[in-house]
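Report on the structure given below.
The values are calculated or read from the model by the stated rules, or taken from the named source; none is laboratory data. Everything numeric in this text was worked out from a predicted model, so none of it was measured. Cβ: placed from backbone, ideal geometry, glycine included. Neighbour counts: every protein chain shown. Accessible surface areas use protein heavy atoms only, side chains included; no ligands, DNA or RNA. Shrake-Rupley method; radii C 1.70, N 1.55, O 1.52, S 1.80 Å.
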Amino acid sequence: MGHEQVPKIELNNGTLIPAFGLGTWMSPPDKLTQAVKDAIDLGYRHFDCAFIYDNENEVGAAIKAKIEEGVVSREDLFIVSKLWNTCHRPEIVESSIRKSLDKFGLDYIDVYLMHSPMGAQEGDELYPLDDDGVLIPNDIDYLDTYKEMEKLVEKGLTKGIGVSNFNKAQIERILENCTIPPVINQVECHPYLSQEKLIEFCKSKSIAVTAFAPFGSPESPFKQPGDPVLLEDLVLKSIANKHTKSVPQICLRWILQKDLIVIPKSVTKSRIEENMQVFDFELDEEDMVNINYLNRDWRSFPARIMGLDHRYYPFNDEF
Ligand SMILES: NC(=O)c1ccc[n+]([C@@H]2O[C@H](COP(=O)([O-])OP(=O)(O)OC[C@H]3O[C@@H](n4cnc5c(N)ncnc54)[C@H](OP(=O)(O)O)[C@@H]3O)[C@@H](O)[C@H]2O)c1
């Protein structure tokens, strides 16, 4: 098993992204450097990061070590990071990516995403919450933020820019007003949230889709009582048995067969390895259809903390 097996998807700026990468949200800093080193040894080349995950230093330390060991070069790796909601004011966009670059110890990243269309109050606090535990919004137009992100490409600080948690109308608005189209929209996607219409729309605009939370984010702090448990789904279990694979592997394979990019998170070496073992089998058409039927438009990440009445809340539209 190696990185050669991982398909690459050509983005609309001509760069190639490995369709499979490692997520790093909630990866404890004391485990993450080792996890990224293990992942690189196992063939992972794409790492999904964000300023708000507060662990870009640890990802950078692993990258540095593996480059020094001669296992990989910078060009072999595909690093994604994200501009946090409190950094939407155009004047601080460049300093925000520079902070991430400093933490990584890199001089460019491969794709820089706007983490969300919803800006939040600027300041030292990364989670400026009101009394109800909701991020205090600001009114900055994500279009103004995006236009500033375009300059980061011109300056060579990132090769591509994209968006995350954007709906169709928001992407259309960007496309109508941008000079550099987004390469990716990163959204939650798994068998309980198949996102068919949004994916079809993005593909029609040559925007690749990255599926986050492929296992339904089992440890998410945003879980609500009564939420379904994707990894215990009986249909998924029976398809897993049929292929002598695990339910997580079935989720990943289903996403990959839809030509999406997927970024499962784990800091456990055996799982980092297990999740990579999805290139030696195929789901047949019946499996794919049966998994498609499981969709229930359930979000593990409803962004409640972002404020349901934020003027740019993306999830009230149909897609
Ligand atoms: N753009 C956004 O707004 C956004 C939002 C959420 C997530 N993301 C990105 O997407 C990535 C993935 O999403 P996520 O971290 O929320 O959830 P996820 O990948 O669906 O699930 C991660 C959880 O599953 C466990 N796990 C991993 N492999 C497993 C396996 N083979 N068997 C059983 N359990 C397994 C992990 O545990 P251990 O680590 O303990 O092994 C961890 O608790 C994030 O890390 C982040 O990079 C982006």
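A few points about this structure:
- Of all the residues in the range 1-25, those that are assigned to a loop (DSSP other than H, G, I, E, B), open to solvent by 10 Å² or more (accessible area, probe 1.4 Å) and at pLDDT 95 or above number 7.
- Taking the criterion of being within 23 Å of the chain's Cα centre (by Cα), in a loop (DSSP other than H, G, I, E, B) and β-branched (Val, Ile, Thr), the only residue of the range 65-82 that qualifies is VAL72.
- Verdict on LYS258 being within 21 Å of the chain's Cα centre (by Cα) and either more than 12 Å from the ligand (Cβ to nearest atom) or open to solvent by 30 Å² or more (accessible area, probe 1.4 Å) (or both): yes
- Any hit, the range 122-129, residues being exposed (fewer than 15 other Cβ atoms within 10 Å of the Cβ), in contact with a Lys or Arg (Cβ under 6 Å, 6 or more places away or on another chain) and part of a loop (DSSP other than H, G, I, E, B): no
- Only one of ARG45, ARG74 that is closer than 18 Å to LYS103 by Cβ, more than 12 Å from the ligand (Cβ to nearest atom) and open to solvent by less than 40 Å² (accessible area, probe 1.4 Å): ARG74
- Any chance LEU135 is of a type in the set (A, V, I, L, M), in contact with a strand residue (DSSP E or B) (Cβ under 6 Å, 6 or more places away or on another chain), surrounded by 14 or more Cβ atoms within 10 Å (Cβ to Cβ) and farther than 22 Å from ILE109 by Cβ: yes
- Residues that are more than 8 Å from the ligand (Cβ to nearest atom) and charged (D, E, K, R), drawn from the range 189-233: GLU196, LYS197, GLU200, LYS203, LYS205, LYS223, ASP227, GLU232, ASP233
- Taken as a whole, the structure places GLU91 among residues that are closer than 28 Å to PRO117 by Cβ and outside any strand (DSSP E or B).
- Test for GLU148: is it part of a loop (DSSP other than H, G, I, E, B) and away from the ligand (no atom under 16 Å from the Cβ): no
- Flag if ALA35 is more than 17 Å from the chain's Cα centre (by Cα) and within 16 Å of the ligand (Cβ to nearest atom): yes
- Counted residues, the range 271-292 - those being open to solvent by 60 Å² or more (accessible area, probe 1.4 Å) and either within 8 Å of the ligand (Cβ to nearest atom) or not in a helix (DSSP H, G or I) (or both): 4
Residue-wise test of (1) in a loop (DSSP other than H, G, I, E, B); (2) open to solvent by 10 Å² or more (accessible area, probe 1.4 Å).
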site: SER27; (1), (2): yes, no
site: GLN34; (1), (2): no, yes
site: LYS37; (1), (2): no, yes
site: ILE40; (1), (2): no, no
site: GLY60; (1), (2): no, no
site: ILE63; (1), (2): no, no
